[in-house]
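Okay, structure first, notes after.
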Amino acid sequence: MTEETAPVRGSGSDKGTPEEEVQPRGKWANNMEFILSMAGEIIGLGNVWRFPYLCYKNGGGVFFIPYFVFLFFCGIPVFFLETALGQYTSEGGVTAWRKICPMFQGVGIASQVIVIYLNIYYIVVLAWAIFYLINAFRSPLPWTSCDNWWNSDSCHGRFGGYANPHLYDPDSNWSFLHNITSSEYGDNFTFYNVTEPLLVKSPEEEFWTNRVLRMTDDMNFGKVSWDLALCLLVAWIICYFCIWKGIKTTGKVVYFTATFPYLMLLLLFFRGVTLPGAADGLKYYLTPDFSKLADPQVWSDAGTQVFFSYAVCQGVLTALGSYNKYNNNCYRDCIALCCLNSATSIFAGFAVFSVLGFMAHDLGLPLEEVVSSGPGLAFIAYPRALSLLPGSSFWAVLFFLMVLFLGLDSQFVCVESLATAITDLFPRHLRRPGGREILVLVIAVICFLLGLPLVTEGGILLFHVIDYYGPSGHTLLIIACFECIVIAWVYGADRFYDNIEDMLGYPPFPVLKYCWLFFTPLLCMLTMLYNLTKTHQFLVYGYALGKWYNTLGALLVVTPLICIPAFILVALWKNPQNMTAPSSDLRQARPHKPVLTLCKCVIFKAQGPPIRSEEERNEKMMMEEACKGTCGR
């Protein structure tokens, strides 16, 4: 049978759907679509607003040492494991684990819970980017002055000499500060402290807090900001039409969304390194401080950054890999993507710190006072630096276009992953004509409505709670441990290694097997134990979270993790004789070879064919009948 006439497997709940209405599972049109989709997912805002700051904070160039240790022994092994799992099983993030080991289907469910978190809150960043992009077309930029309705009496604009070369002339007018005009004011200005945080706020900061977020003193949810809600709706509409037809549209859209940010980053880099003070910024970024290697926090930050940056433990890599052809060289692709991701992070640091170094030089401030991470970098510090440049509107438009597209492809690939997982759970219902479009629309509408509290007056608190606790380091580390244990110790590292060799035509690097067995789980556990020993008070804009937010945070952490033991109990109740045996549908290259050996010693012998449950036997009979009818036609 050809792929087009092959019957499609599904769950028992889908038995009543006519077979002829089910569409075949798609494949990438070519390998480039897969690579660009993966690149769009793993290369995102974290490369620009998190990695450079962590380098600066954790010893400059020394941070590369723990970063690459975690990359080689945790990031790449788990990244390749998830991608190869999807390609081998041709299933999404839930059913792939069910086929490998039925009792650990909850590992896939836990990953999809994290994807749901990401789909709800991550797109809010795109709404902010769209809002800034619209305002970037105004001249002068609205966040450069204190003459707007959202500004307070604490606002003081700081105009740099590079953007205003005549401002420091002897007869220049400085009345915009305190209604004072003095020929000697320019000489004495260096003694006037306008950087006291309790007295002075920059216009960029007030635009962010008072205009975009509309934060109130009590930080209650309050009213929905209609303009941000409209931007959020636009972001969801763009996201929907990027993936509504599945990989047919996703594979084409990523040609633009995954490559355009690189053009913007190159332009910002070349502009940044030509500015005065850029060398000082790069010095802060790269100067090594070897004493930092003794700090466990540096190693913890490196491990957390690798897991966030490489999008592991979210089921996304498995979903994208599942659309590959069986013999695709995913090993080569994964190595290339990992190199590209890390190189992008390092390169983004040059673009960011060259501009921040210029801003510190132009304003006469130490770099420590202008460096920030996360939204503070993208929506306060960097816009402030760009506003000092001639043609600031042009550079602001380029920057926020880059932010928009960096976040967009990560967002719609996450939605694609969730849609793939649900479709593979109920293929006979959702692979019918129009089923895919309706499913993605339902996901978009639900996530949009759940995201509206994030664009209220106090929504930034909720945003940071979900960001901190949702895809938290604890959750990702635990899921990574389970993934490695299931593949290496339950399914069998040797058996999975043979499966990969059967797909590729040659064996991958042997160290991967021992990473899955020992190194990756050990590093993940040590990092998690260290994180648990830390006492950290979580503050958002100086506000300590109340009991309600802490309870919500605990719930966000527990919800995905509880899925793992819950589905072990479900498997024990449904089919206790066949809890660990993989699906008979999976191709086994060497079925009589031991599934796990260490130092030429057999740890687990070859397993016989799995015992079929009554549901599987009924499903097989239905598909055989459907196959006979199809072949008869």
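The values are calculated or read from the model by the stated rules, or taken from the named source; none is laboratory data. Note that the coordinates shown come from a computational prediction; the quantities given were computed from them, not determined experimentally. Please note: Cβ atoms are built from the backbone with ideal geometry, for glycine as well, and neighbour counts cover all protein chains shown.
Residues considered: Thr249, Thr259. Of these, the only one that is farther than 27 Å from Leu461 by Cβ, free of Cβ contacts under 8 Å to residues at least 12 places away in the same chain and either of a type in the set (S, T, N, Q) or surrounded by fewer than 18 Cβ atoms within 10 Å (Cβ to Cβ) (or both) is Thr249.
What are the residues in the range 248-266 that are farther than 22 Å from Leu398 by Cβ and touching a helix residue (DSSP H, G or I) at 6+ places or on another chain (Cβ under 7 Å), if any?
Within the range 248-266, Thr249, Thr250, Gly251 qualify.
Scanning the range 575-633 for residues being assigned to a helix (DSSP H, G or I) and either hydrophobic (A, V, I, L, M, F, W, C) or at pLDDT below 75 (or both) gives a total of 19.
Got a sec? Which helices (runs of 4 or more DSSP H) wholly within the range 61-167 have at least 3 residues that are closer than 21 Å to Asn47 by Cβ?
64-70, 76-89, 105-136
Inspect all residues belonging to the range 504-516 and state whether any of them is surrounded by fewer than 18 Cβ atoms within 10 Å (Cβ to Cβ) and of a type in the set (Gly, Ala, Ser). Yes - at least one qualifying residue is present in the range 504-516.
Do you know which residues across the range 478-496 are among the charged types (D, E, K, R) and crowded, with 22+ Cβ neighbours inside 10 Å?
Correct list: Glu483, Arg495.
Which of the following residues is acidic (Asp, Glu) and either surrounded by 24 or more Cβ atoms within 10 Å (Cβ to Cβ) or out of contact with any Ser or Thr (no Cβ under 8 Å at 6 or more places or on another chain) (or both): Glu457, Glu437? Criteria check complete, one pass: Glu437. In the range 58-78, the qualifying residues are those that are farther than 13 Å from Phe307 by Cα and aliphatic (A, V, I, L, M), and the one that is modelled with the lowest pLDDT is Val62. Every condition in (1) touching a Phe, Trp or Tyr at 6+ places or on another chain (Cβ under 7 Å); (2) assigned to a helix (DSSP H, G or I) is met by Asn47 except one, and the failing one is (1).
Report yes if Arg138 is at pLDDT 50 or above, within 34 Å of the chain's Cα centre (by Cα) and among the basic types (Lys, Arg), otherwise no. Answer is yes for this residue.
Taking the numbered list (1) closer than 30 Å to Leu504 by Cα; (2) surrounded by 22 or more Cβ atoms within 10 Å (Cβ to Cβ); (3) out of contact with any Lys or Arg (no Cβ under 6 Å at 6 or more places or on another chain) in turn, Tyr323 passes all entries but (3). In the set (1) of a type in the set (Phe, Trp, Tyr); (2) more than 28 Å from Leu526 (Cβ to Cβ); (3) at pLDDT 95 or above, the condition left unmet by Trp150 is number (3). Taking every residue in the range 384-401 that is part of a loop (DSSP other than H, G, I, E, B) and pairing it with any residue that is not basic (Lys, Arg), at least 6 positions away or on another chain, the pairs with Cβ-Cβ distances below 7 Å are Leu388/Gly160; Leu388/Tyr162; Leu388/Ala163; Leu388/Met359; Leu388/Asp362; Leu389/Ala163; Leu389/Trp395; Pro390/Ala163. Within the range 230-245, the set of residues being buried (at least 18 other Cβ atoms within 10 Å of the Cβ) and either among the aromatic types (Phe, Trp, Tyr) or over 22 Å from Gly435 (Cα atoms) (or both) comprises Cys231, Leu232, Ala235, Trp236, Tyr240, Trp244.
For the range 84-126, give me each residue that is crowded, with 24+ Cβ neighbours inside 10 Å and among the small types (Gly, Ala, Ser). Once the filter is applied, which keeps residues that are crowded, with 24+ Cβ neighbours inside 10 Å and among the small types (Gly, Ala, Ser), the range 84-126 yields Ala84, Gly86, Gly92, Gly93, Ala96, Gly106, Gly108, Ala110, Ser111.
Need a quick list: helices (runs of 4 or more DSSP H) entirely within the range 420-473 having at least 1 residues that are more than 22 Å from the chain's Cα centre (by Cα) and either among the charged types (D, E, K, R) or at pLDDT 95 or above (or both).
427-430, 435-451
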